[in-house]
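Below is one structure; the comments refer to it alone.
The values are calculated or read from the model by the stated rules, or taken from the named source; none is laboratory data. In this text, all values refer to a predicted model and were calculated from it rather than measured experimentally. Cβ atoms come from the backbone with ideal geometry, glycine included; neighbour counts cover every protein chain shown.
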Amino acid sequence: MDILLFLGITLVSLVLITLLRREYKEYAVLLSAVVGAAIMLRLVGRLAELITAFTYLAEKAQIDSDYLSTIFKVMGVAYLAGFGGQICRDADENALALKLELAGKIIILFMAVPVMVAILEIVLRIF
Amino acid sequence: MMPEVDLIFKIAGVGVLILLLNILFKQAGKDEYAYILTLVGVVVVFIVAIQMIQRFFQEVRAVFGL
């Protein structure tokens with residue numbers, strides 16, 4: 001993987017952001033969001049291969065596929081909430097960041113409930 | 001990877017350009033134009049940024065199945 005590519009882009013963008021932050025804070029926020037999106041766009045492409053590998057292994061181990069898809073959904077929500085939260089913190093908007101992360105947690109909780117119910121049913125069936 | 005990097009430089013270029021033009025406007029004494037120019041700059045950069053972020057969100061949605 002080309003870590004040097006990411007490092008180069010980050011450093012260049014860092015200089016540009018600090019140049020713009022002095023006069024216009026809003027440009028710095030937008031630019032940091034775009035750089036984050038650009039780097040993650042490339043990384044998420046790689047992540048797709050990892051996910052197909054995991055699903056293949058899960059099928060081999062006869063794990064139920066919708067549990068696995070829930071796990072990936074939860075990972076996605078957590079990652080996106082973190083992404084937005086960090087950008088808000090960069091712009092010194094901690095209150096906004098906390099609200100976004102709270103929303104992420106609640107969504108994840110909603111996704112986790114069916115899995116919990118399924119586990120409970122299995123456990124109760126044993127006794 | 002190249003289109004993303006071009007986008008980053010485009011946004012930074014717009015920002016620096018707006019910065020320079022504002023200084024010129026301030027010296028020429030037309031402050032209201034300077035402020036309007038800042039708003040126009042923000043809108044342009046916003047549009048460009050939104051396109052990039054939208055591509056990123058679509059990619060994440062596709063990968064994680066959200």
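Would region B:16-33 turn up any residue that is within 19 Å of A:Leu41 (Cβ to Cβ) and at the interface with chain A (Cβ under 7 Å from one of its Cβ atoms)?
No, region B:16-33 contains no residue that is within 19 Å of A:Leu41 (Cβ to Cβ) and at the interface with chain A (Cβ under 7 Å from one of its Cβ atoms).
Select from region A:29-82 the residues that are within 19 Å of A:Thr10 (Cα to Cα), within 15 Å of the chain's Cα centre (by Cα) and assigned by TED's automatic domain parsing to the domain that holds A:Asp2 and list them in ascending order.
Hits for region A:29-82 are A:Ala33, A:Gly36, A:Ala37, A:Ala38, A:Ile39, A:Met40, A:Leu41, A:Arg42, A:Leu43, A:Val44, A:Gly45, A:Arg46.
So if I check each of A:Lys73, A:Lys60, which one is among the basic types (Lys, Arg) and surrounded by 14 or more Cβ atoms within 10 Å (Cβ to Cβ)?
A:Lys73
Out of the residues in region A:28-57 meeting the condition of being more than 9 Å from chain B (Cβ to nearest Cβ) and under 15 Å from B:Met52 (Cβ atoms), tell me which one is modelled with the lowest pLDDT.
Checked region A:28-57; the qualifying residue modelled with the lowest pLDDT is A:Leu43.
So, in region A:88-107, exactly how many residues are without any contact (Cβ under 8 Å) to a residue 24 or more places away in the chain and among the small types (Gly, Ala, Ser)?
The qualifying residues number 3.
What is the number of the single condition among (1) over 14 Å from A:Val35 (Cα atoms); (2) surrounded by fewer than 13 Cβ atoms within 10 Å (Cβ to Cβ); (3) within 11 Å of chain A (Cβ to nearest Cβ) that B:Gln54 does not meet?
Going through the list (1) over 14 Å from A:Val35 (Cα atoms); (2) surrounded by fewer than 13 Cβ atoms within 10 Å (Cβ to Cβ); (3) within 11 Å of chain A (Cβ to nearest Cβ), B:Gln54 breaks only (1).
Residue by residue through region A:10-27, note down the ones that are modelled with pLDDT under 90 and either within 22 Å of the chain's Cα centre (by Cα) or outside any helix (DSSP H, G or I) (or both).
Hit for region A:10-27 is A:Tyr24, nothing else.
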